[in-house]
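Enquirer: Mind having a look at this structure? Questions to follow.
The values are calculated or read from the model by the stated rules, or taken from the named source; none is laboratory data. On a predicted model such as this, the values are computed, not experimentally measured, just so you know. Positions of Cβ are generated from backbone atoms using ideal geometry, with glycine treated the same way; all protein chains shown enter the neighbour counts. Surface areas here come from the heavy atoms of the whole protein model, side chains and all, with no ligands, DNA or RNA. Shrake-Rupley method; radii C 1.70, N 1.55, O 1.52, S 1.80 Å.
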Amino acid sequence: SSYPDYSRKQSQLIGNPEFQRLLGAAFFPQQEQVGRWMTEAYQTNPKMQDQLIHKTYAGIGVRSKSEALIANALFANKIPFRYENYIKIQNVELYPDFTICHPVTGNIYYWEHFGMMDDEAYARKTASKITLYQSGGITPTVQLIMTFETKKNPLDFEYVETLIRHYFL
């Protein structure tokens, strides 16, 4: 029947840059919001700037190879993000590894990578940080994406891609 042909024509129309320029804001108002969010200045973590040694495709420095892997995967998938964007929860200043604006809904997500889980003190601080997020209404696995690694279990690229597909694509 003609349904597949109609679907193909609709996809061509929506994907047409002229259509998006003229009517995009009406059909996709969040795209304008996401565009503004991406270009706004934001407060970053002022501490230990000399540790931002791992360069990413987005042209920013991050603190670890695993954070670079996450940043590169977000960038490659055209997912808008900020690195170490300031937030405050219960009078505690936080700089989540990644603050992400969903490219379709405009909803905000946070991604924390906990990279030294075989260190007992670090693991305790991690648990406290997760509890703090929860107390601020940022629910793990809902608005808070978390990845963990130990020396024996490094972060896996395929897992990062799976999370990106699950949350954003």
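Enquirer: For the stretch 62-103, what are the residues that are in contact with a Phe, Trp or Tyr (Cβ under 8 Å, 6 or more places away or on another chain) and hydroxyl-bearing (Ser, Thr, Tyr)?
Expert: Passing the criteria: Tyr83, Tyr86, Tyr95, Thr99.
Enquirer: Still on this structure, please answer the following. I'd like to know if the stretch 78-89 contains one or more residues that are over 30 Å from Glu32 (Cβ atoms), without any contact (Cβ under 8 Å) to a residue 12 or more places away in the chain and out of contact with any Asp or Glu (no Cβ under 7 Å at 6 or more places or on another chain). Can you show your working first?
Expert: Pass one, the stretch 78-89, residues over 30 Å from Glu32 (Cβ atoms): none.
The answer is no, given that none of the residues of the stretch 78-89 is over 30 Å from Glu32 (Cβ atoms), without any contact (Cβ under 8 Å) to a residue 12 or more places away in the chain and out of contact with any Asp or Glu (no Cβ under 7 Å at 6 or more places or on another chain).
Enquirer: Let me spell it out: the conditions are (1) open to solvent by 20 Å² or more (accessible area, probe 1.4 Å); (2) among the β-branched types (Val, Ile, Thr); (3) over 22 Å from Val34 (Cβ atoms), and Thr105 meets all of them except one. Which number is the exception?
Expert: Looking at each condition in turn, Thr105 falls short on (3).
Enquirer: While we're on this one: Please tell me if Glu93 is open to solvent by 80 Å² or more (accessible area, probe 1.4 Å), within 22 Å of Ala41 (Cα to Cα) and either out of contact with any strand residue (DSSP E or B) (no Cβ under 7 Å at 6 or more places or on another chain) or not acidic (Asp, Glu) (or both). Please lay out each step first, then the result.
Expert: Values: open to solvent by 80 Å² or more (accessible area, probe 1.4 Å): yes; within 22 Å of Ala41 (Cα to Cα): yes; either out of contact with any strand residue (DSSP E or B) (no Cβ under 7 Å at 6 or more places or on another chain) or not acidic (Asp, Glu) (or both): yes.
Spelling it out, Glu93 is indeed open to solvent by 80 Å² or more (accessible area, probe 1.4 Å), within 22 Å of Ala41 (Cα to Cα) and either out of contact with any strand residue (DSSP E or B) (no Cβ under 7 Å at 6 or more places or on another chain) or not acidic (Asp, Glu) (or both).
Conditions (1) at pLDDT below 95; (2) closer than 19 Å to Met48 by Cα; (3) of a type in the set (D, E, K, R), marked per residue:
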site	(1), (2), (3)
Lys65	no, yes, yes
Leu69	no, no, no
Arg82	no, yes, yes
Asp97	no, yes, yes
Phe114	no, yes, no
Asp119	no, no, yes
Ala123	no, no, no
Ser135	no, no, no
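Enquirer: Condition first: open to solvent by 60 Å² or more (accessible area, probe 1.4 Å), of a type in the set (D, E, K, R) and within 18 Å of the chain's Cα centre (by Cα). Now tell me which residues in the stretch 128-169 satisfy that.
Expert: Asp156, Glu158, Arg165
Enquirer: Pull up the stretch 43-60, narrow it to residues that are outside any loop (DSSP other than H, G, I, E, B) and either modelled with pLDDT of 95 or more or within 20 Å of the chain's Cα centre (by Cα) (or both), then point me to the one that is surrounded by the fewest Cβ atoms within 10 Å (Cβ to Cβ). Can you show your working first?
Expert: Taking the stretch 43-60 as the starting set, the residues that turn out to be outside any loop (DSSP other than H, G, I, E, B) are 44, 49-51, 54-55.
Add one more test, that the residue is either modelled with pLDDT of 95 or more or within 20 Å of the chain's Cα centre (by Cα) (or both), and what stays is 44, 54-55.
Working: Thr44: 15, His54: 17, Lys55: 13.
This residue is Lys55.
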